[in-house]
Amino acid sequence: MAAPIATTLTYRHPPSSTVAPRPGLRLLAPLGGRQVTGYLLACLESPPEPGGYAIRDLIRYLDPEPLFPAEMVDFFRWLADYYQHPIGEVIKAALPAGLAPQSGRLITLTDHGREMLARLSAPERPAGKWFARLLKDGRLTVAATRKLGRDGQGGLLARWEQQGLIVASETAAQDAVGEKTELCLAWPLGPGLPAGTRLLSSERRLLALLDELGRAGGQPWLPVRQLAPRYRGYRKPMCSLAERGLLQLAERPVYRDPFGEPPPVSSPPVRLTDEQETAMQSLAPALAARRYAPFLLHGVTGSGKTEVYLQASALTLAQGQGVLVLVPEIALANQIEGDFLSRFGNQVAILHSGLNAGERFDQWRRILSGQAQVVIGARSALFAPLTGLGLIIVDEEHDGAYKQEDGFRYQARDAAVMRAKQTGCVVLLGSATPAITSFYHGATGKYRRLTLTRRVAERRLPAVEIVDLRAVPTVSGRPPLFSPQLLGQIRETLAQGNQSLIFLNRRGFANLVLCQDCGQVLRCGHCQVSLTLHQQSGQLVCHYCGFAIKNAALCPQCRSAHLVPVGFGTERIEEELTRLLPGARIGRLDRDTATARGQQLAILKAMRQRQIDILVGTQMIAKGHHFPHVTLVGVVWADAGLGLPDYKAGERTFQLLTQVFGRAGRGESPGRVVVQTLNPEHYSIVTSQGHDYHTLYAEELGRRRLLGFPPYCRLVNIRLEGRQAKEVERAAIRLGRLARDEAQALGIGVLGPAPAPIAKLRDLYRWQLLLKGVNLKTLHDLSVRLAGVKPAALGASAVKLQVDVDPESMV
């Protein structure tokens, strides 16, 4: 069921259904007094052993054909078990949005109710527009009724129902997305009319137009909308001809194309490099064997990892098998789309959140029908309904974006490895900076390592200069935004006619606004974080919950007008560069300038066509992009992630820096990098300067061995959330006691409970408890028992427990 139920349920086939029951079908089933969407996972030959419950009939099947192949059922079961999440909600998350209709209450006003409620005086009437709508329309929709329940009006509706003023009936909502159709017509081309057929002049004109359009388009069906621009009076003769059987009208499916403007086309190389050839010599036999084989492709930036992906995909498709390509972000999906489309054409489908619901639904159907054998997408493309899967590619496998951080918390990279294992296919993880755990698996033989140590065409990795901001003299005594070294390199690059990337992983103009009189920092009212100033929009924005207000003129604490922005973000960097370099063409790529897929593509296209001299951006510019004329990368502040309370902080800093360094020098001209930092001695900064992953890996392993963190153990984070701070704290302390009572005998470590680093988020106070253990089963069993503790037993009935297996972020 698409509901928070940990177990599966058994039902009988609907007595009147003509649909053959098969795994993968959606269905509507009774659950208590509701009707909910469910998914058929297995068909039983005989009913299960009596268990003191009655088996109910299904209401109906929602589709004539399955929405996912039967071979994915075991994968969904594993995900639900490993990540401790209800299997129905796992499948709901996997399917295109809008395909999980739930029942709801439809409110209808009785005649008696209309008379009585209309008599209420203004003070007696409930607040809100819904009451006037109820009187006017005589009903409230399911959505409106649900909102009233959330707003605390459920008790009022219940009283009105008891008094006979309204009637509440259960109804199942319709799918929010489905096949799109449009009215089309078909007709006999040329002299295809029966002898002696008499036509009006308007009918002859329409048929002549249809012949012309038919010859031009070559399609058996023509959308009716194409007639209006050529013949405004087409409707009457069209209906007349249809009534006489001289043409045919029908609703036909419309394909919603997600690609829009074709992405940049890439050409295959004349020949592979020696290292690429060596990698393919290892991959080709594994692909031909058609069995599970995990590979880790460790290649420096610009070494041609994508070409290895393409060559391996071509071999897989030649064997009649499918290919799944995962990328961490939509920006990278756009880049790799062009590479795969240029090689494999309409065999390619895409799945990611940049598509609207209709486009995603159509892509899903193309994949399910076998029309598309190559699927490219971000995290959720993991669930693509490919059958006969032969290869799974996880590009930039180290990226934290592969972890879903709310709801169904899964790690797409790790789940992709399990899907490959269950399917019996090759999985290829690729990165210039592999995750420490992945490289450890390669070193210990769990994965087979492939290595690309040199760039294509023997291009050199960029030279990296580290600038210690503490040594840069300024009038204010504070570090400057641009050191003389960085600003000089930007000017030189501009004079040479080349392009620059300026990287700062922080958007907005200033990361906080401070009152100079009382010291108050303007904070989000829903989260325990400061508001970020976005000067162009004139707003203060919370980057966690989206709360936004107009830029304050007065301090809310002391009413002082002395408010100053503190810190910097990409918006301020763009403004300063515009002031310093008035002739330069400057662009910015971050979540503020690329809220839609089209905006992002337009900025990347302008960069490729050299319409931008300097591109400022966050991590959206750091990975995967190929700009041959970028010869300079400037890192404004390399230390942004080092202060986070996370054992992966050093690893992530190295990865992000190395990735953005790799955008420089990918063309004919050599690249240069200038890195500004307040911590030039930090091992992640030092090793990134030398592109020295192996030293970084050794340093991280030593630290984690000493402290007992992955890959030397496994982690489960249990988070408690609630609206009352004291209640959450009390529940966390009690759960911590329960955890320690059991953990010591099991050899499991317990850290906490403690407030989360962001102690309040979206009006919820947060505490967390971290479990560390070597034995995965023992660790999972304990976390299941702790998550199953009733809130009442913790003295906090309104506190919610959430389990995060293999947590990516501790914030």
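Working only within the range 22-46, note down all residues that are assigned to a loop (DSSP other than H, G, I, E, B) and buried (at least 17 other Cβ atoms within 10 Å of the Cβ).
GLY24, LEU25, LEU40, LEU41
Within the group LEU604, LEU581, LEU615, which residue is at pLDDT below 90 and buried (at least 16 other Cβ atoms within 10 Å of the Cβ)?
Result of the check over LEU604, LEU581, LEU615: LEU604.
What number of residues within the range 385-395 satisfy the criterion of being open to solvent by 10 Å² or more (accessible area, probe 1.4 Å) and either among the basic types (Lys, Arg) or within 27 Å of THR653 (Cα to Cα) (or both)?
Going through the range 385-395 one residue at a time, the tally reaches 1.
How many of the residues making up the range 574-622 are over 16 Å from GLY354 (Cα atoms) and either part of a helix (DSSP H, G or I) or of a type in the set (Gly, Ala, Ser) (or both)?
Within the range 574-622, residues that are over 16 Å from GLY354 (Cα atoms) and either part of a helix (DSSP H, G or I) or of a type in the set (Gly, Ala, Ser) (or both) number 18.
Residue by residue, here is whether (1) loosely packed, with under 14 Cβ neighbours inside 10 Å; (2) in contact with a Lys or Arg (Cβ under 8 Å, 6 or more places away or on another chain); (3) closer than 30 Å to ALA787 by Cα; (4) at pLDDT below 85 holds:
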| residue | (1), (2), (3), (4) |
| --- | --- |
| TYR83 | no, yes, yes, no |
| ALA122 | yes, no, no, yes |
| ARG125 | yes, no, no, no |
| LEU134 | no, no, no, no |
| ARG139 | no, no, no, no |
| ALA143 | yes, no, no, yes |
| ARG159 | yes, no, no, no |
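Hey, can you tell me all the residues within the range 705-727 that are open to solvent by 40 Å² or more (accessible area, probe 1.4 Å) and in contact (Cβ under 8 Å) with a residue 24 or more places away in the chain?
LEU707, TYR712, ARG714, ARG723, GLN724, ALA725
Given the criteria open to solvent by 30 Å² or more (accessible area, probe 1.4 Å) and closer than 23 Å to GLN411 by Cα, does ALA70 qualify?
yes
Among the residues of the range 559-573, what is the count of those that are open to solvent by 40 Å² or more (accessible area, probe 1.4 Å) and in a helix (DSSP H, G or I)?
Count: 1.
Counting only residues that are among the acidic types (Asp, Glu), open to solvent by 30 Å² or more (accessible area, probe 1.4 Å) and either in contact with a Leu (Cβ under 9 Å, 6 or more places away or on another chain) or at pLDDT 95 or above (or both), how many does the range 396-441 have?
Residues flagged as among the acidic types (Asp, Glu), open to solvent by 30 Å² or more (accessible area, probe 1.4 Å) and either in contact with a Leu (Cβ under 9 Å, 6 or more places away or on another chain) or at pLDDT 95 or above (or both) within the range 396-441 amount to 1.
Tell me, yes or no, whether the range 798-810 has at least one residue that is surrounded by 14 or more Cβ atoms within 10 Å (Cβ to Cβ) and part of a helix (DSSP H, G or I).
No, every residue in the range 798-810 fails to be surrounded by 14 or more Cβ atoms within 10 Å (Cβ to Cβ) and part of a helix (DSSP H, G or I).
Of all residues in the range 118-146, how many are under 21 Å from SER169 (Cα atoms) and touching a Phe, Trp or Tyr at 6+ places or on another chain (Cβ under 8 Å)?
Number satisfying all stated conditions: 2.
Residues checked against (1) open to solvent by less than 20 Å² (accessible area, probe 1.4 Å); (2) charged (D, E, K, R); (3) assigned to a strand (DSSP E or B):
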position: GLY445; (1), (2), (3): no, no, no
position: ARG449; (1), (2), (3): no, yes, yes
position: LEU461; (1), (2), (3): no, no, no
position: LEU494; (1), (2), (3): no, no, no
position: LEU501; (1), (2), (3): yes, no, yes
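Per-residue answers, yes or no, for (1) buried (at least 19 other Cβ atoms within 10 Å of the Cβ); (2) hydrophobic (A, V, I, L, M, F, W, C); (3) within 30 Å of HIS626 (Cβ to Cβ); (4) modelled with pLDDT under 95:
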| residue | (1), (2), (3), (4) |
| --- | --- |
| LYS236 | no, no, no, yes |
| GLN248 | no, no, no, yes |
| PRO253 | no, no, no, yes |
| PRO264 | no, no, yes, yes |
| LEU283 | yes, yes, yes, no |
| ALA293 | yes, yes, yes, no |
| HIS298 | yes, no, yes, no |
| GLY322 | yes, no, yes, no |
| LEU326 | yes, yes, yes, no |
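Tell me the residue from ALA333, ALA312 that is in contact with a helix residue (DSSP H, G or I) (Cβ under 6 Å, 6 or more places away or on another chain), open to solvent by less than 10 Å² (accessible area, probe 1.4 Å) and assigned to a helix (DSSP H, G or I), please.
Residue meeting the stated conditions: ALA312.
In this structure, does LEU779 turn out to be surrounded by fewer than 17 Cβ atoms within 10 Å (Cβ to Cβ), over 30 Å from PRO462 (Cα atoms) and not β-branched (Val, Ile, Thr)?
no
Taking the range 604-651, which residues are among the charged types (D, E, K, R) and within 21 Å of GLU337 (Cβ to Cβ)?
Selection gives LYS605, ARG608, LYS623.
The values are calculated or read from the model by the stated rules, or taken from the named source; none is laboratory data. Bear in mind that the values here come from a model prediction, so they are computed numbers and not experimental data. All Cβ positions, even for glycine, are placed from backbone atoms using ideal geometry, and neighbour counts span all protein chains on display. Protein only, heavy atoms only, side chains kept; ligands, DNA and RNA dropped before computing areas. Shrake-Rupley method; radii C 1.70, N 1.55, O 1.52, S 1.80 Å.
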